[in-house]
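Engineer: Please see the structure below; I have some questions.
Quick note: the coordinates plus some simple rules give every number you see, no bench work behind them. Small disclaimer: the values here were computed from a predicted structure and weren't measured. Heads up, the Cβs are rebuilt from the backbone with ideal geometry, glycines too, and the neighbour counts pull from every protein chain shown.
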Amino acid sequence: MSEILNEILSANKKYASGFKSKSELKSPPKKHFAILTCMDARLDPAKFAGLAEGDAHVIRNAGGRVSDDAIRSLLISHKLLGTDEWFVIQHTSCGMCCVTNEEIDKEFGIENESKKIDWLTFEDNKKCLKEDLEKLKNHSLVPDSIKIHGLIYDVKTGFLEKL
Ligand SMILES: [Zn+2]
C-alpha cells in the first residue's frame with residue numbers, strides 16, 4: 001500500500017470517529033452559497049471562509065476559472081440544490097498566471113492542433129477575474145437573481161480582497 005494512502009486512511013479513522021451529528025447533514029448547502037476557487041494547496045476554503053461540513057458548495061479547478069464545467073456545477077448548485085449566491089475566488093501567485101497555453105502544450109509535447117486544450121492561463125489577476133465574472137453573469141442559464149462576487153485571496157497574508 002502507498003504511504004500516502006495509509007496516512008489518509010489513518011487520518012480518516014480519526015475524523016469518522018467524531019462524525020456524530022454530521023450523519024444527519026442534508027445535501028443542499030445550509031448557507032445557500034457556492035465558492036468557485038483554485039485547486040492550489042495553499043488555499044483552504046473551509047478555513048479562510050469559516051465553513052463547516054454541509055455549509056456550502058466548493059468547486060475547484062486549476063485557476064478557479066469560470067470554465068464550462070465550473071458553470072455546469074454552479075448551475076446544478078443553484079437549480080437543484082438551492083444556492084443563490086456565488087463567490088469566484090482566484091488568488092495571487094497562481095500557477096495558471098503568467099504562463100501561456102503554448103508553454104503548457106510544450107510540457108506535454110503537444111504539437112498536433114487536434115490535441116490542444118485551452119488551459120485557461122491568464123496574465124493579470126484582476127483582469128482575469130473581471131472577465132470570468134462577466135462570462136458567468138452573461139451566461140444564458142444564470143438568472144439575474146444570483147448574487148455573484150469576485151474576490152482575490154492573497155497567499156502571503158490569507159486575506160480576501162473584494163474586486
Ligand atoms: Zn491557482
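Engineer: Take every DSSP beta bridge whose two residues both sit in segment 52-163, then give the antiparallel share in percent to the nearest 5. Display every interim value, and only then the final one.
Structural biologist: On the way: 3 of 11 bridges.
Counting DSSP beta bridges with both partners in segment 52-163, the antiparallel share is about 25 percent.
Engineer: Based solely on its DSSP helices, what 222 nm [θ] is calculated for the chain when runs of n ≥ 4 H residues each add -39,500 (n - 2.57) and the sum is averaged over all residues, nearest 500 deg cm²/dmol?
Structural biologist: Values: 5 runs with 52 residues, N = 163.
The per-residue figure over the chain is -9500 deg cm²/dmol.
Engineer: Okay, moving on. With unit charges on the beta carbon (Lys/Arg positive, Asp/Glu negative), name the residue among GLY82, ILE152, CYS94 whose Cα is farthest towards the positive pole of the charge dipole of the chain.
Structural biologist: Most positive-ward Cα: GLY82.
Engineer: May I ask for the longest run of the chain untouched by chymotrypsin sites (Phe, Trp or Tyr not before Pro) that are loop-located per DSSP and have at most 12 neighbouring C-beta atoms (other than their own) within 10 Å?
Structural biologist: Values: sites that count: PHE19, PHE159.
By the stated rule (loop sites, at most 12 other Cβ atoms within 10 Å), 20-158.
Engineer: Taking the Cα centre of segment 27-162 as origin, sum charge times position over the Cβ atoms of Lys and Arg (+1) and Asp and Glu (-1), and report the length of that vector in debye to the nearest 20. Provide the component values of the computation, followed by the final result.
Structural biologist: Numbers: 19 positive and 23 negative charges, 107 e Å.
Result for segment 27-162 is approximately 520 debye, rounded to the nearest 20.
Engineer: Ranked by Cβ crowding within 10 angstrom, fewest neighbours first, how are ARG60, ARG72 ordered?
Structural biologist: Values: ARG60 17, ARG72 12.
In increasing order of surrounding Cβ atoms, one gets ARG72, ARG60.
Engineer: Net charge near PHE19, counting Lys/Arg +1 and Asp/Glu -1 over other residues with Cβ under 14 Å of its Cβ? Can you show the working numbers first?
Structural biologist: Working: positive: LYS13, LYS14, LYS20, LYS22; negative: GLU24, GLU53.
Around PHE19, the surrounding residues sum to +2.
Engineer: For segment 120-134, what does the Karplus curve 6.51 cos²θ - 1.76 cosθ + 1.60, with θ = phi - 60°, yield as ³J(HN,Hα) per residue in whole Hz, taken in order and with x for Gly and Pro?
Structural biologist: 6, 6, 8, 10, 9, 3, 5, 5, 4, 5, 4, 5, 5, 5, 4
Engineer: Longer than 32 Å from Cα to Cα, which of LYS79/LYS115; LYS30/LYS115; LYS31/LYS127; LYS106/LYS126; LYS22/LYS135 are they? Say none if no pair is.
Structural biologist: Numbers: LYS79/LYS115 34 Å; LYS30/LYS115 41 Å; LYS31/LYS127 29 Å; LYS106/LYS126 27 Å; LYS22/LYS135 36 Å.
From LYS79/LYS115; LYS30/LYS115; LYS31/LYS127; LYS106/LYS126; LYS22/LYS135, over 32 Å: LYS79/LYS115; LYS30/LYS115; LYS22/LYS135.
Engineer: Something else: Distance in nm between label sites at TYR15 and SER140, each 7 Å beyond Cα in the beta-carbon direction?
Structural biologist: My value for the distance between the label points is 4.0 nm.
Engineer: For LYS130, what charge total do you get from the other residues with a beta carbon under 12 Å from its beta carbon, if Lys and Arg give +1 and Asp and Glu give -1?
Structural biologist: Local charge sum for LYS130: 0.
Engineer: A further question follows. Net charge within 14 Å of LYS162 by Cβ-Cβ distance, Lys/Arg positive one each and Asp/Glu negative one each, not counting LYS162 itself? Before the final figure, lay out each step's value.
Structural biologist: Details: positive: LYS126, LYS130, LYS147; negative: GLU85, ASP154, GLU161.
Spelling it out: positives minus negatives among the neighbours equals 0.
Engineer: Another question, then. What are the ³J(HN,Hα) couplings of segment 46-59, residue after residue, when phi is run through the Karplus curve with 6.51, -1.76, 1.60 and θ = phi - 60°? Round to Hz, x for glycine and proline.
Structural biologist: With the stated coefficients, segment 46-59 comes to 4, 7, 6, 10, x, 9, 10, 3, x, 6, 8, 7, 10, 10 Hz.
Engineer: Using a ≥ b ≥ c from the Cα gyration tensor of the chain (square roots of the eigenvalues), is it rounded, prolate or oblate, where a/c under 1.5 gives rounded and otherwise the larger of a/b and b/c decides, a/b for prolate? Let's see the in-between values first.
Structural biologist: On the way: a/c = 1.73, a/b = 1.21, b/c = 1.42.
Oblate.
Engineer: With r defined as the distance between the Cβ atoms of HIS32 and GLU123 and R0 fixed at 25 Å, what FRET efficiency is calculated, to the nearest 0.05? Working shown, then result.
Structural biologist: Values: r = 34 Å, r/R0 = 1.36.
So the FRET efficiency works out to roughly 0.15.
Engineer: I need the calculated FRET efficiency for the pair ALA52 and THR157, taking r as the beta carbon distance and R₀ as 30 Å, to the nearest 0.05. Show your work: numbers first, answer last.
Structural biologist: Numbers: r = 24 Å, r/R0 = 0.79.
My answer for the efficiency is 0.80.
Engineer: For LYS26, LYS31, what's the fewest-to-most ordering of other Cβ within 10 Å of each Cβ? It would help to have the intermediate numbers written out before the result.
Structural biologist: Values: LYS26 8, LYS31 14.
So the residues, fewest neighbours to most, are LYS26, LYS31.
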